[in-house]
Amino acid sequence: MSADLALPAHLDVMGQAQRLARPVTFLRPSGEGAPVALWGGTPSVPLPPELVVTDEDDLEDGAFFDHWLSIDARRLPVPLPGCLSLYEQSVEPLLLHNPEATLDMSGGTPLYAHPGIELPHINALFRSGTPALQAWMAELLGETPAALLARSDIGAYRHPTLDGLDQRLRSAHPLWAGGVTAQLGGWAWGWPDEAWDTRESRGERLLLTTFERSEPWIEVWWTERGLAGVAHLT
């Protein structure tokens, strides 16, 4: 944290952030033990015949399902048997889960599990922080806590102290720090096309976020109907 970022000691701002940290698994192309996923290469859950594109014009136009990632589904934050394969076509994700599949490591880049934690972003810190923390942030922004609680984005950029805190919370996240191909679990950070709390308010759970080859960034969620994929653009 920069020396000029003065945070009120009695609020223990970073301590509150640490208590809200979520366990994550970073998927990286190097590590110890057996790989848990494959980036590119042979999908563990192949496309059904009706989705395989063979027309040369369509292939040249990129109108085909591109295998991005296959993962041992037991490693997901909501463990499932078998494997999950993630495909992308024209910025649309396709998820195929086979409870009988085993991880195929042919071709592609093996990915290894690295346990870690993820701090909440500033909007989540405000939403889940103590009333005293909410009052402090709201005062800096010239608003009431109730008014900020009604919004997904508190607009931390409008005050240098909160903007600095926001940057501090972002600094270790793979979206900005790099070095991670994909991530299991963690906080939804929000995108221009979807507020960060939209799915969380419905009790959905973030399972996977891709960082390699972005844009798009692809998220996999666990919903009341099972697996759901969404692609985001900035």
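The values are calculated or read from the model by the stated rules, or taken from the named source; none is laboratory data. Since the structure is predicted, the reported quantities are computational estimates derived from the model, not experimental observations. Positions of Cβ are generated from backbone atoms using ideal geometry, with glycine treated the same way; all protein chains shown enter the neighbour counts. Just the protein is used for accessible areas: all its heavy atoms, side chains included, with ligands, DNA and RNA removed. Shrake-Rupley method; radii C 1.70, N 1.55, O 1.52, S 1.80 Å.
Conditions tested, residue by residue: (1) at pLDDT below 95; (2) out of contact with any Gly (no Cβ under 7 Å at 6 or more places or on another chain).
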site	(1), (2)
His114	no, no
Arg127	no, yes
Ala135	no, yes
Tyr157	no, yes
Trp176	yes, yes
Trp187	no, yes
Glu194	yes, yes
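Within the stretch 142-161, can one find any residue that is under 23 Å from the mean Cα position of the chain (by Cα) and surrounded by 18 or more Cβ atoms within 10 Å (Cβ to Cβ)? Outline the logic, then answer.
Here is the first cut: in the stretch 142-161, the ones under 23 Å from the mean Cα position of the chain (by Cα) are 149, 151-157.
Next, only the ones that are surrounded by 18 or more Cβ atoms within 10 Å (Cβ to Cβ) stay: 154, 156.
Within the stretch 142-161 (the criterion being under 23 Å from the mean Cα position of the chain (by Cα) and surrounded by 18 or more Cβ atoms within 10 Å (Cβ to Cβ)), the answer is yes, since at least one residue qualifies.
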Original post:
Taking only pairs six or more apart or across chains, which ones have beta-carbon atoms under 8 Å, a first residue in the stretch 121-135 that is open to solvent by less than 50 Å² (accessible area, probe 1.4 Å), and a second residue that is aromatic (Phe, Trp, Tyr) and not in a helix (DSSP H, G or I)?
Top reply: His121/Trp187; His121/Trp189; His121/Trp196; Asn123/Trp196; Ala124/Trp187; Ala124/Trp196
Subject >> Check on Ile117, open to solvent by 40 Å² or more (accessible area, probe 1.4 Å) and in contact with a helix residue (DSSP H, G or I) (Cβ under 9 Å, 6 or more places away or on another chain) >> reply: yes
**OP:** Would you be able to say whether some residue in the stretch 173-193 is more than 16 Å from Gly229 (Cα to Cα), among the charged types (D, E, K, R) and surrounded by fewer than 20 Cβ atoms within 10 Å (Cβ to Cβ)?
**Re:** no
Subject >> Matching entry among Arg225, Arg202 (being free of Cβ contacts under 8 Å to residues at least 40 places away in the same chain, farther than 17 Å from Leu94 by Cα and open to solvent by 50 Å² or more (accessible area, probe 1.4 Å)) >> reply: Arg202
**OP:** Quickly run through the stretch 178-204 and pick out the residues that are under 22 Å from Gln16 (Cα atoms) and part of a helix (DSSP H, G or I).
**Re:** Glu200, Ser201
